[in-house]
1. Take the residues in region 1-31 that are in a loop (DSSP other than H, G, I, E, B) and within 24 Å of residue 137 (Cβ to Cβ); name whichever of them is nearest to ligand 2 (Cβ to nearest atom).
2. Restricting region 169-186 to residues that are at pLDDT 95 or above and surrounded by fewer than 20 Cβ atoms within 10 Å (Cβ to Cβ), which is farthest from ligand 1 (Cβ to nearest atom)?
3. Do we find a residue being aromatic (Phe, Trp, Tyr) and in contact (Cβ under 8 Å) with a residue 40 or more places away in the chain anywhere in region 119-139?
4. Do we find that residue 155 is within 13 Å of ligand 1 (Cβ to nearest atom) and either more than 13 Å from the chain's Cα centre (by Cα) or among the hydrophobic types (A, V, I, L, M, F, W, C) (or both) in this structure?
5. Which of the residues that make up region 226-242 are over 23 Å from residue 68 (Cα atoms) and without any contact (Cβ under 8 Å) to a residue 40 or more places away in the chain?
6. Would you call residue 68 within 20 Å of residue 3 (Cα to Cα), within 14 Å of ligand 2 (Cβ to nearest atom) and of a type in the set (A, V, I, L, M, F, W, C)?
7. Name every residue in region 38-57 that is within 15 Å of the chain's Cα centre (by Cα) and more than 15 Å from residue 105 (Cα to Cα), in order of residue number.
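The values are calculated or read from the model by the stated rules, or taken from the named source; none is laboratory data. Keep in mind it's a predicted model, so treat the numbers as computed, not measured. Don't worry about glycine lacking a Cβ; one is built from the backbone with ideal geometry, like all the others, and counts go over all protein chains shown.
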Amino acid sequence: MKISHISDIHYGPAGFNANMLSRCIDEVNALNPDITVITGDLSMNGLKKEIESVFEILKEIDTEKFIVPGNHDARNVGYLTFERLFGSRYSERVIDEIQILCCDSSEPDLDTGQLGREGQMWLKEKLEKTGAKYRIIAMHHHLIPVPLTGRERSELYDSGDVLKLIYDEGANLVLNGHKHVPNNWVMESSSGITIFCTAGSVSSEKLKADYLNCYNIIDLSCERIKIELKNIGKEGRVVVNRKF
Ligand SMILES: [Fe+2]
Ligand SMILES: [Fe+2]
């Protein structure tokens, strides 16, 4: 399965680069992945018009999409508009022995996030009950700090408990966004390894140091995972190539 992993669009009146998003969508459609996962911060302020506009733009992506909200989408009760357009903030889908779990880690009007006890129970139950060979989890906030992002202040509040849950139940891949800096951590777990893949921002002008607008292309096949970091308009670079 080939997955395009996009994050932190930040559609809004300022700081949003429409050209980057449009070029990314063209590149993704040309790559023809099986699915696209978008790990939150679709909008700048969670406003109705912003989420409605980005919803229309994302229709241009040809693949099936899996989308979670981010902290910016949870501002101004944006989670209601999100649910109206994109559906539940918690979802499960199994495609070709691959389980995809989408969880909302955002909290209304806060930049920090958590899964909370209910979210953890939902995730544990889904991971426990599945017979799928591979398990992918998508949530906006990171579970392990991301290097070169300054002082850590917004990883998941209950990251310790969620990490333990993932370690015990053995997910293969956890997809995040939030920090606008791409990064991958690999952890041993009951499934062999779990990769924590954070995407950079696809179209926000809020970028740090030398990072560019980017996304990930993930290839999951033959018990291997390959992750390619793709700066928009540039050649891709393989950043993970591991056997499970
Ligand atoms: Fe963001
Ligand atoms: Fe965020």
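1. Of the residues in region 1-31, the ones in a loop (DSSP other than H, G, I, E, B) are 1, 7-10, 12-15, 17.
Filter once more, keeping what is within 24 Å of residue 137 (Cβ to Cβ): 1, 7-10.
Working: 1: 26, 7: 9, 8: 6, 9: 11, 10: 9 Å.
The qualifying residue nearest to ligand 2 (Cβ to nearest atom) is 8.
2. Taking the candidates together, the pick is 186.
3. Within region 119-139, one or more residues are aromatic (Phe, Trp, Tyr) and in contact (Cβ under 8 Å) with a residue 40 or more places away in the chain.
4. When the stated conditions are applied, residue 155 does not pass them.
5. If the condition is that a residue be over 23 Å from residue 68 (Cα atoms) and without any contact (Cβ under 8 Å) to a residue 40 or more places away in the chain, then 234, 235, 236, 237, 238, 241 are the ones that fit.
6. Yes: the conditions hold for residue 68.
7. Selection gives 43 alone.
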